[in-house]
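The values are calculated or read from the model by the stated rules, or taken from the named source; none is laboratory data. Note that the structure is predicted; figures quoted are calculated from it, not measured. Backbone-built Cβ (ideal geometry, glycine too); neighbour counts: all protein chains shown. Ligands, DNA and RNA are stripped out before the accessible areas are found, and what is left, the full protein with its side chains, is counted by its heavy atoms. Shrake-Rupley method; radii C 1.70, N 1.55, O 1.52, S 1.80 Å.
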Amino acid sequence: MSERYELEELVIDDSFVNYCFRRQETDIVRWETYLRQYPEEAATMAEAREMVLGISVMFWETQQPAPVSKVFPLRRVLTAAASIAVVAFAAYWIWKPSTPPAVFAEAAPSVFITLLAEKKTVRLPDSSTVILNAGSELRLDSGFGVSHRRVRLKGEALFEVEPDAGRPFIVKVEGYDVKVLGTVFNVKSYPGDKKSETSLLSGKVEIQLENEVSCFRVLRPKEKFVIVKPEPGLKPVSSSAVVSDSLKAVLPKTAIRPMSYNRRQLNVETAWSENRLVIENETFGDIREKLERWFDVSIQFDDKALEAYRFTATFEEENIIQVLKALQASYGFTFTKEGRSIRISR
């Protein structure tokens, strides 16, 4: 379902009507998927659903539960009344309470996902703003914005958090939590990456390591926290625990470093949010996954030595072919592309 729907189209759509009354599982899944794909349409959907329910109360032939045969007559009523209802309900929408209706809370998405080569800006129920990088997933814990502000991230996101002293904003990623009150920061934690980073642009954040009781460190602006993930199959343990030398390798390796800037004073950690692909003294092996996520391709090296080539460059509107040709100016490698697959050779 790739098309978007206007308010009048939703009100007379059979599938949407079934979704409003929670009748058909397939229709419920269809419109919840639509809402995840277009979270900015949540308000329109909530308004359309409230109109469907309101019109059904006004025009329904009986207050008794309707048999199956009466489900689709409602659609004919809605079709006939749709244009009138938009006007008739205008006064209601003008004078309705400013508090979001319960149906809006039900319709609000709890998971935001970006595909490869896709970025997305979402506004959370607490008015915080999140820009999701390619191949990322942001999941809101149940009750977000009511009893807490806790989210779970796989991938990379730039957060601009609204202050709320009573409900700190917590981002949970593999190995640690990021706790904030109101600030701008970037979190990068892709499954499979060797390390995870949290970079602070403004405000203050606390880093809480997994299995630790106390706060590990408070970041200052222009600092970043880096954690190197344990080898696959090894479970992290508390850094305060007494462990043998054989288990020290299981402890996560952490560091506090300054944020990085290139020669043009672009911030390397957050340049992606401005659609800039910044490569700063990185190896071909290190940037492979970045290129794969950015352009939705798969890259293979014919020679292990190719992965050690180092590059520094900034790209904005170039495609993957243009990027690789530009990198060829530093090293004489060759490449071939078939569909989404790219093979790098010497």
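I want to confirm something. Restricting to the stretch 324-342 and keeping residues that are touching a residue at least 24 places away in the same chain (Cβ under 8 Å) and either small (Gly, Ala, Ser) or in contact with a Leu (Cβ under 7 Å, 6 or more places away or on another chain) (or both), which single residue is least open to solvent (accessible area, probe 1.4 Å)?
Only one residue tops the list, namely Phe333.
Which ones in the stretch 213-238 are open to solvent by 100 Å² or more (accessible area, probe 1.4 Å) and modelled with pLDDT of 75 or more?
If the condition is that a residue be open to solvent by 100 Å² or more (accessible area, probe 1.4 Å) and modelled with pLDDT of 75 or more, then Arg220, Lys222 are the ones that fit.
Which members of the stretch 142-164 meet the condition of being among the acidic types (Asp, Glu) and closer than 23 Å to Asp193 by Cβ?
Correct list: Glu156 only.
Considering only residues that are among the small types (Gly, Ala, Ser) and at pLDDT 80 or above, which ones fall in the stretch 1-55?
The answer is Ser15, Ala48.
Anything in the stretch 6-41 that is aromatic (Phe, Trp, Tyr) and either in a helix (DSSP H, G or I) or more than 26 Å from Ser127 (Cα to Cα) (or both)? List them, or say none.
Once the filter is applied, which keeps residues that are aromatic (Phe, Trp, Tyr) and either in a helix (DSSP H, G or I) or more than 26 Å from Ser127 (Cα to Cα) (or both), the stretch 6-41 yields Phe16, Tyr19, Phe21, Trp31, Tyr34.
Is it true that Pro191 is out of contact with any Leu (no Cβ under 9 Å at 6 or more places or on another chain) and either farther than 18 Å from Arg139 by Cβ or not basic (Lys, Arg) (or both)? Before the answer, list the steps.
On the way: out of contact with any Leu (no Cβ under 9 Å at 6 or more places or on another chain): yes; either farther than 18 Å from Arg139 by Cβ or not basic (Lys, Arg) (or both): yes.
Taking the combined requirement at face value, the residue satisfies it.
Which of the residues that make up the stretch 186-212 are in a strand (DSSP E or B), open to solvent by less than 70 Å² (accessible area, probe 1.4 Å) and either touching a His at 6+ places or on another chain (Cβ under 9 Å) or not hydroxyl-bearing (Ser, Thr, Tyr) (or both)?
Asn186, Val187, Lys188, Glu197, Leu200, Leu201, Val205, Glu206, Ile207, Gln208, Leu209
Residues of the stretch 239-286 being among the hydrophobic types (A, V, I, L, M, F, W, C), touching a Ser or Thr at 6+ places or on another chain (Cβ under 9 Å) and either at pLDDT 85 or above or under 16 Å from Phe315 (Cβ atoms) (or both), which ones?
Met259, Leu266, Val268, Ala271, Leu277, Val278, Ile279
Determine, yes or no, whether Val180 is open to solvent by 20 Å² or more (accessible area, probe 1.4 Å), farther than 18 Å from Asn267 by Cβ and among the β-branched types (Val, Ile, Thr).
When the stated conditions are applied, Val180 does not pass them.
Return the residue satisfying two criteria in turn: it lies in the stretch 264-289 and is under 20 Å from Leu201 (Cβ atoms) and outside any loop (DSSP other than H, G, I, E, B), and of such residues it is most open to solvent (accessible area, probe 1.4 Å).
Looking at residues that are under 20 Å from Leu201 (Cβ atoms) and outside any loop (DSSP other than H, G, I, E, B), I get Glu274.
Looking only at the stretch 112-154, which residues are β-branched (Val, Ile, Thr) and open to solvent by 20 Å² or more (accessible area, probe 1.4 Å)?
Those that are β-branched (Val, Ile, Thr) and open to solvent by 20 Å² or more (accessible area, probe 1.4 Å): Ile113, Thr121, Thr129, Ile131, Val146.
Could you grab the pairs with beta carbons closer than 7 Å, sequence gap of 6+ or different chains, first residue in the stretch 161-181 and touching a residue at least 40 places away in the same chain (Cβ under 8 Å), second one of a type in the set (Gly, Ala, Ser) and part of a strand (DSSP E or B)?
Qualifying pairs under 7 Å: Glu174/Ser189; Glu174/Ser196; Gly175/Ser196.
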